[in-house]
Amino acid sequence: MEAKSSQDEYKQIQQDLKQLRQDLASLTRSVTESQKSNIDNLRDEVIRESREAFDQVRKTGNDAMNRAKDTGEKAVNEVEHKIEERPFLSIVIMFLAGVLVGKLLDR
């Protein structure tokens with residue numbers, strides 16, 4: 001009778017081990033899926049924040065370029081206006097500037 005009891009206990013231990021393996025496999029799958037979900041969420045957040053930062057940099061760059069363009073256009077308009085006001089003086093100044101640059105480049 002005791003031999004039968006030992007065999008029953010052995011079978012029960014085998015069944016318990018089998019169940020433990022199944023539970024461990026299930027737990028592993030569950031943890032893996034959870035981590036994949038966390039990684040996906042983190043990746044999505046990094047992508048979103050990168051796009052926001054890139055958009056902000058692009059907007060800042062566009063604003064700076066527009067300001068530089070406006071400033072350049074104003075400077076050109078002012079120079080054109082000064083030349084229109086005093087064309088002879090402008091020609092003399094340009095001639096002197098050309099002579100000066102020519103002398104500097106001859107050295």
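Given the rule -39500 (n - 2.57) for each run of at least 4 DSSP H residues, summed and divided by the residues of the chain, what is its mean residue ellipticity at 222 nm, to the nearest 500 deg cm²/dmol? Walk me through the intermediate numbers first.
Numbers: 2 runs with 104 residues, N = 107.
Roughly -36500 deg cm²/dmol at 222 nm, from the helical runs in the chain.
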> Say we join alpha carbon atoms closer than 10 Å with springs in a Gaussian network model of the chain; which of 82, 69, 59 then has the biggest fluctuation?
Replying inline: 82
>> With +1 on the Cβ of every Lys and Arg and -1 on the Cβ of every Asp and Glu, and nothing else charged, how large is the dipole of region 1-96 about its Cα centre, in debye rounded to the nearest 20?
In response: 200
> Taking the chain, how many lysine pairs are there with alpha carbons less than 25 Å apart, if each pair must be eight or more places apart or span two chains?
Replying inline: 5
>> In the chain, if the dipole is taken from +1 on Lys/Arg beta carbons and -1 on Asp/Glu beta carbons about the Cα centre, which of 37, 75, 26 is farthest to the positive end?
In response: 75
> Helix 87-106 versus the longest principal axis of the chain: what angle, 0 to 90°, nearest 10, using Cα atoms?
Replying inline: 70
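Laboratory data are not the source of any read-out in this text; all were calculated from the coordinates shown. Because the structure is predicted, anything quoted here is derived from the model rather than measured. FYI the Cβ positions are ideal-geometry reconstructions off the backbone, even for glycines, and counts take in every protein chain you see.
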